[in-house]
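One structure below.
The values are calculated or read from the model by the stated rules, or taken from the named source; none is laboratory data. Given the structure is predicted, the values throughout are model-derived calculations rather than measurements. For neighbour counting, all protein chains shown are included, and Cβ atoms are generated from backbone atoms with ideal geometry for every residue, glycine included. Accessible surface is based on the protein model in full, side chains and every heavy atom, while ligands, DNA and RNA are left aside. Shrake-Rupley method; radii C 1.70, N 1.55, O 1.52, S 1.80 Å.
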Amino acid sequence: MQVTRIKVVAFNGSARKGGNTAILLGYVLKELEKEGIETELIEMSGAKIHGCLACRKCSTKKDHRCAQTGDMGNVYIEKMEQADGILLGSPTYVADISPEIKALMDRACLVSKANGGIFRRKVGAAVVAVRRAGAIHAFDSLNHFFFISEMIVPGSSYWNIGIGLEPGDVERDEEGIRTMKTLGQNMAWLLKKVND
Ligand SMILES: Cc1cc2nc3c(=O)[nH]c(=O)nc-3n(C[C@H](O)[C@H](O)[C@H](O)COP(=O)(O)O)c2cc1C
């Protein structure tokens, strides 16, 4: 019997490694792992990643890569291309997402378009940490990437948001944790259907 290996890569766009966004992502990943899905968490904190230069070289080269080199852009794009599922996690920064995750989304989006949709029908989901307000806007920002990339997005029992200020505070957001676990279960279910 041939066993299909399913892999999910998660990006934590927070400036803080191991903070609330990472903790929330961890709950989703744990559920995926329970279903035999391989996972990888990438902490973007401190990583060098520039925004899109709008040079359009990806459209002429069509080599599945961004023309900008010397930062982490292509390393991350390659990870996304190799995965069956992509989780994008961000803290809420001034009612939106972190600049690092935005830079990745912009560059990956153009590379995908330039190459006929390299993320098409992969499964994707967004996760957001927030102290008080702006999480829905951040959640929407992340989801824009999945929908324009023709990806399939599973839901949960609430929007995928966890509440906390200091690292670890989200552990006390019982509903937020439950939302992440349900997301992980639904993502695993969907990944298995899509990759059957
Ligand atoms: C630059 C910056 C901007 C922030 N803006 C908001 C905001 O608009 N709304 C909010 O509720 N929390 C805001 N916060 C708080 C973080 O979203 C919150 O502490 C979150 O848990 C951080 O996640 P992390 O531990 O993964 O870094 C901000 C924090 C920083 C550093």
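The 3J(HN,Hα) values that the Karplus relation (6.51, -1.76, 1.60; θ = phi - 60°) gives for region 33-46 are, in residue order, 5, 4, 9, x, 8, 6, 10, 8, 9, 10, 8, 8, 3, x Hz. Gly and Pro appear as x.
Dipole orientation for region 108-196: of the candidates Trp189, Trp159, Ile118, Ile118 has the Cα lying most toward the positive pole (charges on Cβ; Lys, Arg +1; Asp, Glu -1). If you count only protein heavy atoms with a 1.4 Å probe, what accessible area per residue comes out for the chain, rounded to a whole Å²? Averaged over the residues of the chain, the accessible area is 49 Å². Rg/Rh, computed from the Cα trace of the chain with Rh as the Kirkwood radius, has the value 0.96. For region 40-139, the Cβ-based charge dipole about the Cα centre amounts to some 380 debye (Lys, Arg positive; Asp, Glu negative; other atoms uncharged).
From its DSSP helices (H runs of at least four residues, each -39,500 (n - 2.57)), the chain gives a residue-normalised ellipticity at 222 nm of -13000 deg cm²/dmol.
Report in % the part of the accessible area of region 77-196 that belongs to carbon and sulfur, leaving out ligands and nucleic acids; probe 1.4 Å. Roughly 51 percent of what the probe reaches on region 77-196 is carbon or sulfur.
Based on the alpha-carbon gyration tensor of region 45-138, what equivalent-ellipsoid semi-axes (square roots of 5 times the eigenvalues) come out, in whole Å, largest first?
With the √(5λ) rule applied to region 45-138, the semi-axes are 24, 15, 11 Å.
Can you tell me the length gained on complete extension of the stretch Glu78 to Asn195, counting 0.36 nm per residue apart and subtracting the Cα distance? Extra length available between Glu78 and Asn195 comes to 40.2 nm.
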